[in-house]
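A short write-up of the structure that comes next.
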Amino acid sequence: MDRLIRTLLLIAVFAVISAVGVDAWGQRRITPVTPTPPTTKQETPEFDRSRLQEQRDAQGRVVLVDTVTGSEYVDSIMLPKAVGNLYPLVSGVSIGVDVWDPVMRILGQQYGGVGFMGQVSLHNRFFPTFELGFSTAKISPADMNYTFKSPFAPYFKIGADYNIFYNSNNAYQLHVGLRYGFSAFSYSIDNIDVNSNYWDESTFFNIPSQNATVGFWEFTAGVTVKISGPISMGWAFKYRSILHESKNTYGPTMYVPGFGKRANPITGSFYVIYTLPLNKSAYPKVDNNEHKH
């Protein structure tokens, strides 16, 4: 009897162990444990926001993390907003006079005249520009025996400036620009000294009045600062080069109105500017000391 009881107990224990083992193996097969990957959404769903905490992701962005599920969300109010043009389309009209050449002539420059400028401000960003001026020359190179003369002649330039600080206070501008310039003028050369090898004497002759047309391009970079009320001052560095010119019997001219001496491609400008603001009620409120690009 005892042997029979022990045998039945062993069979029962074996059956229990087998059942538990099969059930555990089956559960592992049916319900594997896999973590739910975090998700990123543009808007936070409607649920208890008290579970959310601000953290930074791998890219350094601020995200909201659900402390229960581990899911990540990007709050729509935290997304960066695109900044367009803060100033109205037509925000001002300006006219100015360039006093660079008059000042340089006082300091001894042998050429120059006066130039005028007009431009329109588009969003305080783009400034289509037109320039008109008159210039003359009487140049006697120190190491040469002749005098180059050109009477007052007109020139014009057309182009545009780009204000880098376009969404900042418009009293301060940092701009770069391009111009195309053109001039049609006359010139002559007097008292050209030709030394004689036989008689040890000097022979002088003149080149009579010639006509010329020249086109050139100009790169500018400078600043404009409001001085008082509608009055501003603008300084600019200029680099220019000849694009095309008419054929001349005696070769290229040494001077071009609006350009200056051919040998000097670098010069400057100094404008006194009057600006009439337009659509001023639509101007943004900007910090005088902050530049927003």
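The values are calculated or read from the model by the stated rules, or taken from the named source; none is laboratory data. Computed from a prediction, not measured in an experiment: that's the story for all the values here. Ideal geometry is used to build each Cβ from the backbone, glycine not excepted, and the neighbour counts take in all protein chains shown. With ligands, DNA and RNA removed, areas are computed over all heavy atoms of the protein, side chains included. Shrake-Rupley method; radii C 1.70, N 1.55, O 1.52, S 1.80 Å.
Taking every residue in the stretch 95-106 that is over 13 Å from T267 (Cα atoms) and pairing it with any residue that is outside any helix (DSSP H, G or I) and open to solvent by 80 Å² or more (accessible area, probe 1.4 Å), at least 6 positions away or on another chain, the pairs with Cβ-Cβ distances below 6 Å are I95/Y274; V97/F116. Within the stretch 226-265, being open to solvent by 40 Å² or more (accessible area, probe 1.4 Å), within 18 Å of I139 (Cβ to Cβ) and under 26 Å from the mean Cα position of the chain (by Cα) holds for I242, P265. Restricting the stretch 100-152 to residues that are among the charged types (D, E, K, R) and within 35 Å of the chain's Cα centre (by Cα), the residue that is most open to solvent (accessible area, probe 1.4 Å) is R105. Would you confirm whether or not the stretch 158-172 contains a residue that is among the acidic types (D, E) and either at pLDDT 95 or above or open to solvent by less than 30 Å² (accessible area, probe 1.4 Å) (or both)? Yes, there is a match, as at least one residue in the stretch 158-172 is among the acidic types (D, E) and either at pLDDT 95 or above or open to solvent by less than 30 Å² (accessible area, probe 1.4 Å) (or both). When R262 is tested against (1) touching a strand residue (DSSP E or B) at 6+ places or on another chain (Cβ under 8 Å); (2) modelled with pLDDT of 95 or more, exactly one condition is not met: (2). In the stretch 226-248 there is no residue that is in contact with a Leu (Cβ under 7 Å, 6 or more places away or on another chain), hydrophobic (A, V, I, L, M, F, W, C) and farther than 20 Å from S135 by Cα. Scanning the stretch 153-181 for residues that are within 14 Å of the chain's Cα centre (by Cα) and either charged (D, E, K, R) or not in a strand (DSSP E or B) (or both) returns D161, I164, F165, Y166, N167, S168.
Of the numbered criteria (1) out of contact with any helix residue (DSSP H, G or I) (no Cβ under 8 Å at 6 or more places or on another chain); (2) surrounded by 12 or more Cβ atoms within 10 Å (Cβ to Cβ); (3) modelled with pLDDT of 95 or more, the one F270 fails is (1). If you go through the stretch 74-95 and keep only what is open to solvent by less than 20 Å² (accessible area, probe 1.4 Å) and modelled with pLDDT under 70, you end up with V74, D75. Is there a residue in the stretch 132-140 that is in a loop (DSSP other than H, G, I, E, B), modelled with pLDDT under 95 and out of contact with any His (no Cβ under 9 Å at 6 or more places or on another chain)? Yes.
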